[in-house]
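The values are calculated or read from the model by the stated rules, or taken from the named source; none is laboratory data. These numbers come from a predicted model, not from an experiment. Note: ideal-geometry Cβ built from the backbone for every residue, glycine included; neighbour counts use all protein chains shown.
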Amino acid sequence: MAKVFLLGMPGSGKSTLGSKVAANLGVDFFDLDTLIENHEKCSIAEIFEQKGEQHFRETERKLLQAVIENSENFILATGGGTPCFYDNLHKMRSSGITVFIDPSLESIVERLSKTNIDQRPKLKDVDLKSTLIETYQIRLPFYSKANHTFSGVSANEQSLIKYIKSAI
């Protein structure tokens, strides 16, 4: 097996797909945002509100490094901004396989509209679609450096399992 890092926008399905694929392959699954919440003992929204984005990004970098150093075979769902800060993308690329999950904007908007958007500090109190478009444009140069991209209808569990099996 290998170290597999799932990259993509909030609501792209990284956590949902990642947990299913990890279960299918019999490897550990980690969600970086969940690791951060457990470490900080509060929600991402509370971290941003109480300690600021800088603290969040530093904690994110530290916990990403800890997973890389302490685990061998896993699938990790990163936060949407993880590859865009510090040397996180380089660390992931040099440690394993990076996969960009890139469904349509419409499907992301649909998924996010069914969640508690207040728990997503970068998407709270904004026009969701226009913010997602702007954020996507900023992050795409980072995401596009992934080893592989699953876009549109190919961003599903079976295609991801097939790809990971062939890559390892």
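LYS51 is checked against (1) under 17 Å from the mean Cα position of the chain (by Cα); (2) surrounded by 13 or more Cβ atoms within 10 Å (Cβ to Cβ); (3) at pLDDT 95 or above and fails just one. What number does that condition carry?
(1)
In the list PHE5, PHE29, which residue meets the criterion of being in contact with a strand residue (DSSP E or B) (Cβ under 8 Å, 6 or more places away or on another chain), among the aromatic types (Phe, Trp, Tyr), under 25 Å from THR135 (Cα atoms) and not in a helix (DSSP H, G or I)? Give the steps one after another, and end with the answer.
Numbers: PHE29 fails: under 25 Å from THR135 (Cα atoms).
After applying the criteria, what remains is PHE5.
I'd like to check something: does the range 66-87 contain any residue that is modelled with pLDDT of 95 or more, under 15 Å from the mean Cα position of the chain (by Cα), surrounded by fewer than 17 Cβ atoms within 10 Å (Cβ to Cβ) and on the phi < 0 side of the Ramachandran plot?
Scanning the range 66-87 turns up no residue that is modelled with pLDDT of 95 or more, under 15 Å from the mean Cα position of the chain (by Cα), surrounded by fewer than 17 Cβ atoms within 10 Å (Cβ to Cβ) and on the phi < 0 side of the Ramachandran plot.
Based on this model, can you work out whether SER104 counts as surrounded by fewer than 16 Cβ atoms within 10 Å (Cβ to Cβ), over 25 Å from PHE74 (Cβ atoms) and either touching a helix residue (DSSP H, G or I) at 6+ places or on another chain (Cβ under 9 Å) or of a type in the set (Asp, Glu) (or both)?
yes
Which pairs have Cβ atoms under 7 Å, sit 6 or more apart or on different chains, and link a residue in the range 68-95 that is basic (Lys, Arg) to one that is crowded, with 17+ Cβ neighbours inside 10 Å?
LYS91/LEU64; LYS91/ILE68
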